[in-house]
């Protein structure tokens, strides 16, 4: 979605981007510590690496305790569906793609309907005019107000 | 849609605003269904933090492999979660266009909805037009009315009303019908087996099938082969599907019923209505079940799951808990048997297995799905709790009085299994009826964790539960013991103090301990700890002898000690301390005795008020004494007495002499050491020891015994010599050997040490070295006789030394029985005083130590028969005038009592100034 051709950020958007950037870094830090700790534990041998595990857990705890995690002014919100997607371990970009496709399809369908209703309106108008010529004025007003061609 | 609103807006605008650009209204912005990222991170952070805490608690115990596994699992699982959030954050960074898309999508959805509605509206209008018809004009009548003013068309068709029925006729007809019906059902058309309950009245036969339906049948013709007609029917159970407003449905049933009556007669109508009733019942139950599980307002929402399969209603219950062991009931129609028609029945599947030995009660007259569910759940609850109860009672740690089972057949929320975990803590287990979750009370950290763990597992067997509850008990008890013990000044050495291999080797023989507590009373010797092992058979207490090997500990030995109760209250812990201390003490002392090859026996005896059986050690006196033990009784007993307030142990050793200690007077012992006490009339003595638990006392016993032996022998010698003691205590005796003036000596002894001490100014200070040697070699008897022999001599020597002019005489002691006086100014004269035994009597001989001739006679020869011919003491040597002093020409023999007098005379000869001193003395 965020291709190079999107509009530039407003000031507020830029600030949010920076917060997201920071959050991303923090998260990478925590994930790194978690991985490191499990590796250390796996290769544990003797008291020296015991110390190291202890330090890692301490690191983790202080990373978690950081008051700036998550940034206070972060306003970004995500729809439930995206979160569900990720929690099932699927790629959210696919969600976006599918969603875009859905909107495109809806757009086409809506367009089709608009056209069909327009046709229907015109046919109906012709039939009404044929049956009730005295309603001509009303029929033309309705056509005009519903976006049809002006018949003046 | 868009066009329409645009049009309306345009309509409202004034005409002159023609140039204004008409914009479509902005898309409505959707906010529902968004979750702030911040909240997500915050929650995960909090959750991770909490779990980290739990992890740290958990890895305090378990094997190293377990702990590693726990840490790795935790880290990997958390890493997965955090990675998901990271993905979301990365996604959020580039997803700023997403809200617009969502708004758009929502807009399209609404558009479709609106157009759909419009379409159906159009269809409705069109179908309304189908019946819109203008009738053709009745021109003939119109003409007549317009011309004549009235119409000739008659308003009615002129049918004649039937004559009114009189009550008597109706009654007659009804009676006739009744009779016909009665004949028909008893003679011509016998109803089927389950359809024989009927009553005939008011021209109808009313057949009743209990709890199902009631149907009114009647006839139209007299012929008994003519068709029966269904007049009405009613369901005989509640609630029913309400048929009244659905008149069509009702008449459809009646129509179909009549067709069936025509073709299949009574059996057909019975089958039809019977099946209708059964189906209706199941539908009613299904409808109720549907209401129960409704998300809004249904009490059982998310707790049950109902499905219909053909005519069977399946209700899964407890779907939230124990995902792997499903339980459900099937309500359906059971096939007919020989005696019974098809009927409604319940099949119960408990934890994936059908239960055939229990019948689930189903009230077919008053249908209630909730009641049915509750009674099944009550049965299920009873099943679980009863099994758990049985399973727990098989464990020794849960004797019958600790388990109490209460079952409520109707409301299972009242069914509860109460377990007395420890003396003070009770656990109650119930099952929450709707969710099926276990409810454990009263809460504590341990219990809440266990509850969460039970409820989160996907399936749980009775054995798992039993183990879990067993562990719960152990952990609760451990917590209580540790808590109380720390208040009683016990320390808790860490579990790693003993290696797992050692635990298995020493504690795991009879039963595998699930939990172990190590305790050490402050002030115990560091080698000793108390271990309490907890297993399914109960608790066992052990004393453990640890050996320190290169920084870690190894078990050298363990010993089970008896537990009085399983309650571990303060008093039983104190008791335990007592027993443990006594046991350790006995163990250590026996070991010391073994090491020294001392013979002993360990005897059990009844302890005092505590009622416990205690061991005491009987030591053979002959083997512990290094010297002669004939004076003492054969055995000593080493007994535990009590504990001091700081946890040290007080031991008492009792023994006795064979003879009463008459030579000891009670008053003599008044100031004696409180660690030892005597009872002279019986000859008994006792020793008190206060030591750290775990430290032996045998060396001290040996030492003190030696001291007692010495004391007794010294005192008896003193008594034999008719001397008196000034002071007697173990290790010190002060006795008086002359009475006027009083002269005393002190014997101090302790272990191998032995010393004779004289007070300052005592004449015997001069010979104390010799006397000490004599005491060690010859004993106190010889010392006392020496004291008696030497007293007057030593007194006189002291006097001479003190009162003679400076430098006149030097006195040297060559031995206890040999003194030498040297007069440097008087021709270097030397006088020897030596003791000799003459006719069993001791006498002192005084003679010259050298031959000194007077001035001018140095070259005179010495007559070997008269060596003292030139001695200045010659006059003394030849003087026999004083009794007791016998002149022998070259010397004198002096009886012991006269030696002072004799010495004075000798000294005056050599030191004439001394005469004045003597004169002053006798004068004064």
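The values are calculated or read from the model by the stated rules, or taken from the named source; none is laboratory data. Nothing here was measured: the structure is a model prediction, and the numbers come from that model. Cβ: placed from backbone, ideal geometry, glycine included. Neighbour counts: every protein chain shown.
Looking at the range B:413-428, which of its residues are farther than 15 Å from residue B:440 by Cα and surrounded by 17 or more Cβ atoms within 10 Å (Cβ to Cβ)? Answer for the range B:413-428, where residues must be farther than 15 Å from residue B:440 by Cα and surrounded by 17 or more Cβ atoms within 10 Å (Cβ to Cβ): just B:422.
Taking the range B:704-816 as the region of interest, the strands (runs of 3 or more DSSP E) fully inside it that hold 2 or more residues being closer than 30 Å to residue B:689 by Cβ and not assigned by the TED database to the domain that holds residue B:899 are B:724-729, B:732-738, B:743-750, B:753-757.
Report whether or not residue B:3 is at pLDDT below 75, more than 30 Å from residue B:501 (Cα to Cα), within 7 Å of chain A (Cβ to nearest Cβ) and surrounded by fewer than 18 Cβ atoms within 10 Å (Cβ to Cβ). Yes.
Residue B:646 meets each of the listed conditions (1) at pLDDT 75 or above; (2) buried (at least 18 other Cβ atoms within 10 Å of the Cβ); (3) under 27 Å from the mean Cα position of the chain (by Cα) apart from (2). Is it the case that the range B:273-293 has a residue that's surrounded by fewer than 13 Cβ atoms within 10 Å (Cβ to Cβ) and in a loop (DSSP other than H, G, I, E, B)? Scanning the range B:273-293 turns up no residue that is surrounded by fewer than 13 Cβ atoms within 10 Å (Cβ to Cβ) and in a loop (DSSP other than H, G, I, E, B). If the condition is being facing chain A (nearest Cβ under 9 Å) and surrounded by 12 or more Cβ atoms within 10 Å (Cβ to Cβ), then the range B:47-68 contributes B:48, B:49, B:52, B:55, B:56, B:67, B:68. Could you tell me whether residue B:113 is more than 7 Å from chain A (Cβ to nearest Cβ) and in a helix (DSSP H, G or I)? Criteria met by residue B:113.
Of all residues in the range A:29-39, those that are surrounded by fewer than 22 Cβ atoms within 10 Å (Cβ to Cβ) and more than 7 Å from chain B (Cβ to nearest Cβ) total 4.
Residues of the range B:413-441 that are farther than 16 Å from residue B:377 by Cα and not in a strand (DSSP E or B): B:421, B:422, B:423, B:424, B:425.
Within the span defined as the range B:291-304, one or more residues are under 60 Å from the mean Cα position of the chain (by Cα) and modelled with pLDDT of 85 or more.
Based on what the data block shows, is residue A:118 facing chain B (nearest Cβ under 9 Å), under 39 Å from the mean Cα position of the chain (by Cα) and in a loop (DSSP other than H, G, I, E, B)? Criteria not met by residue A:118. Restricting attention to the range B:69-78, and to residues there that are facing chain A (nearest Cβ under 8 Å) and buried (at least 18 other Cβ atoms within 10 Å of the Cβ), which single residue is farthest from residue B:48 (Cα to Cα)? The extreme case among them is B:71. Filter the range B:809-826 for residues that are within 20 Å of residue B:909 (Cβ to Cβ) and crowded, with 19+ Cβ neighbours inside 10 Å; which is nearest to the chain's Cα centre (by Cα)? Here the answer is B:819.
Against the criterion of being exposed (fewer than 13 other Cβ atoms within 10 Å of the Cβ), modelled with pLDDT under 85 and more than 7 Å from chain B (Cβ to nearest Cβ), residue A:68 qualifies.
Close Cβ contacts (under 8 Å, 6 or more residues apart or on different chains) running from residues in the range B:35-46 that are facing chain A (nearest Cβ under 7 Å) to residues that are assigned to a helix (DSSP H, G or I) and loosely packed, with under 14 Cβ neighbours inside 10 Å comprise B:35/A:80. Got at least one residue in the range B:371-378 being more than 19 Å from residue B:426 (Cα to Cα) and either surrounded by fewer than 16 Cβ atoms within 10 Å (Cβ to Cβ) or assigned by the TED database to the domain that holds residue B:236 (or both)? Scanning the range B:371-378 turns up at least one residue that is more than 19 Å from residue B:426 (Cα to Cα) and either surrounded by fewer than 16 Cβ atoms within 10 Å (Cβ to Cβ) or assigned by the TED database to the domain that holds residue B:236 (or both).
Within the bounds of the range A:81-102, is there any residue that is farther than 20 Å from residue B:69 by Cβ, in contact with a strand residue (DSSP E or B) (Cβ under 8 Å, 6 or more places away or on another chain), surrounded by 14 or more Cβ atoms within 10 Å (Cβ to Cβ) and at the interface with another protein chain (Cβ under 9 Å from one of its Cβ atoms)? Yes: one or more hits. Only one of the listed residues (B:563, B:519, B:488, B:530) is at pLDDT below 80 and under 29 Å from residue B:398 (Cβ atoms). That residue is B:563. Of all residues in the range A:132-149, those satisfying the criterion of being at negative phi and within 12 Å of chain B (Cβ to nearest Cβ) are A:141, A:142, A:143, A:144, A:145, A:146, A:148. Scoring residue A:78 on the criteria (1) crowded, with 16+ Cβ neighbours inside 10 Å; (2) more than 7 Å from chain B (Cβ to nearest Cβ); (3) not in a loop (DSSP other than H, G, I, E, B) leaves a single failure, condition (2).
Checked against (1) under 29 Å from residue A:27 (Cα atoms); (2) within 8 Å of chain A (Cβ to nearest Cβ); (3) in contact (Cβ under 8 Å) with a residue 40 or more places away in the chain, residue B:83 passes all but condition (3). State all residues of the range B:538-575 that are under 15 Å from the mean Cα position of the chain (by Cα) and either surrounded by 14 or more Cβ atoms within 10 Å (Cβ to Cβ) or part of a helix (DSSP H, G or I) (or both); if no residue qualifies, say none. Across the range B:538-575, the qualifying residues are B:538, B:539, B:540, B:541, B:563, B:566, B:567, B:568, B:569, B:570, B:572, B:573. Checked against (1) within 16 Å of residue B:789 (Cα to Cα); (2) in contact with a strand residue (DSSP E or B) (Cβ under 7 Å, 6 or more places away or on another chain), residue B:721 passes all but a single condition, namely (2). Scanning the range B:745-761 for residues that are touching a strand residue (DSSP E or B) at 6+ places or on another chain (Cβ under 8 Å) and either surrounded by 18 or more Cβ atoms within 10 Å (Cβ to Cβ) or closer than 17 Å to residue B:711 by Cα (or both) returns B:745, B:746, B:747, B:748, B:749, B:754, B:755, B:756, B:757, B:758.
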